[in-house]
1. Taking all protein chains together and a probe of 1.4 Å, list ARG47, ARG23 from the most accessible to the least accessible.
2. Quick one: compute the contact order of the chain, relative version, from alpha carbon pairs under 8 angstrom and 6+ residues apart, as a percent.
3. How would you rank 100-110, 164-174, 196-206, highest first, on the average number of other Cβ atoms within 10 Å across their residues?
4. What whole-number value in Å² describes the accessible area per residue of the stretch 150-262 for a 1.4 Å probe?
5. Let me check something: with ligands and nucleic acids excluded, how do GLU130, GLU27 order by accessible area (1.4 Å probe), largest to smallest?
6. I need the phi-derived Karplus couplings for the stretch 102-115: 6.51 cos²θ - 1.76 cosθ + 1.60, θ = phi - 60°, integer Hz, Gly and Pro marked x.
7. Kirkwood-based Rg over Rh for the chain (C-alpha set), two decimals?
8. Counting heavy atoms of the protein chains only and a 1.4 Å probe, report the per residue accessible area for the stretch 5-141 as a whole number of Å².
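The values are calculated or read from the model by the stated rules, or taken from the named source; none is laboratory data. A quick note: this is a predicted structure, and the numbers were derived from the prediction, not measured. Here the Cβ is made from the backbone with ideal geometry for all residues, glycine too, and neighbour counts use every protein chain on show. Surface areas here come from the heavy atoms of the whole protein model, side chains and all, with no ligands, DNA or RNA. Shrake-Rupley method; radii C 1.70, N 1.55, O 1.52, S 1.80 Å.
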Amino acid sequence: MIRSALMNVMTAAALKAGRGLKRDFGEVENLQVSVKGPGDFVSAADRKAEKILFEELTKARPGYGFVLEEGGAVEGADKSHTWFIDPLDGTTNFLHGLPIFAISIGLAREGQIVAGLVYNPANDDMFIAEKGQGAYYNNRRLRVAARRDMADALIGCGIPHIGKAKEHPRFKAEFASVMARAGNIRRLGAAALDLCFVASGSYDGFWERNLQAWDIAAGIVIIKEAGGFVTDADGGQDMLAKGSICAGNDVMHRNLLDLIKAA
Ligand code: 2AM
Ligand code: CA
């Protein structure tokens with residue numbers, strides 16, 4: 001387990017924001033039957049969680065900058081540290097009452113991600129990592145899966161939603177390419193958690209495009225600290241700027257990258 005002061009700050013903030021999200025998730029179920037649906041309620045839950053994270057992290061580490069899903073970029077006096085925060089990753093799941101969502105907190109120092117936390121308050125799943133100190137799921141050390149044969153692999157992906165229709169042709173081509181070789185494919189709808197499932201060895205690989213820095217910052221360091229390989233979907237290191245990602249162990253990562261390229 002990582003017992004650094006930094007990780008204490010991150011977990012305390014996530015647990016506090018998570019309590020609110022969990023309560024609100026319980027309410028969402030009741031709202032499904034209303035014609036309007038739970039949309040506005042979920043937006044409010046999202047903003048509430050972000051406010052708690054912002055306040056708690058600012059209190060503990062004054063001056064650090066932020067890149068927030070809802071609030072955008074907030075510059076701090078300390079130019080070398082930036083938090084990348086998604087208060088509710090997997091919003092669609094949350095909205096539909098599926099307990100697959102998470103708070104994601106990544107910390108960059110001089111542009112390099114040095115700590116990450118992904119927390120699903122629905123089932124208390126907590127994934128953390130700090131550069132050089134390993135990745136953990138609750139109290140267990142994480143390690144990526146060792147499978148080397150794509151035909152045995154479980155590969156995760158993300159599907160562009162209806163608002164991203166112009167991305168559909170490329171996704172269909174990539175999906176077809178991976179489907180032809182991989183054992184099977186999953187799509188859970190919460191990129192921050194998906195990356196943790198690569199770190200934990202549940203997924204052998206994962207790829208997705210059209211993401212944002214706050215979706216993936218935490219997951220990147222968690223995968224790396226679990227011994228995994230992670231790049232953008234074109235094989236470079238521009239994950240945060242491009243918002244695309246491809247991950248796995250050394251072999252799976254390379255093979256998955258090749259399949260995406262061949263699409
Ligand atoms: P969100 O729930 O925080 O929006 C699902 O494929 C992943 O894509 C989720 O992590 C989801 O994060 C993210 N996502 C959903 N809609 C998105 C959008 N319009 N732009 C970028 N990422 C999005
Ligand atoms: Ca997100």
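1. Details: ARG47 135, ARG23 165 Å².
Listed by decreasing accessible area, they come as ARG23, ARG47.
2. Reported relative contact order: 17 percent.
3. Values: 100-110: 24.2, 164-174: 13.4, 196-206: 26.1.
Ranked by mean Cβ neighbours within 10 Å, highest first: 196-206, 100-110, 164-174.
4. Details: 4400 Å² over 113 residues.
With the other protein chains kept in place, the stretch 150-262 gives 39 Å² per residue.
5. Details: GLU130 25, GLU27 90 Å².
If we order GLU130, GLU27 from most to least accessible, we get GLU27, GLU130.
6. Taking θ as phi minus 60°, the curve returns 7, 8, 10, 10, x, 10, 9, 10, 6, x, 10, 6, 10, 8 Hz for the stretch 102-115.
7. Numbers: Rg = 17.7 Å, Rh = 18.4 Å.
Radius of gyration relative to Kirkwood radius: 0.96.
8. It amounts to 47 Å² per residue over the stretch 5-141.
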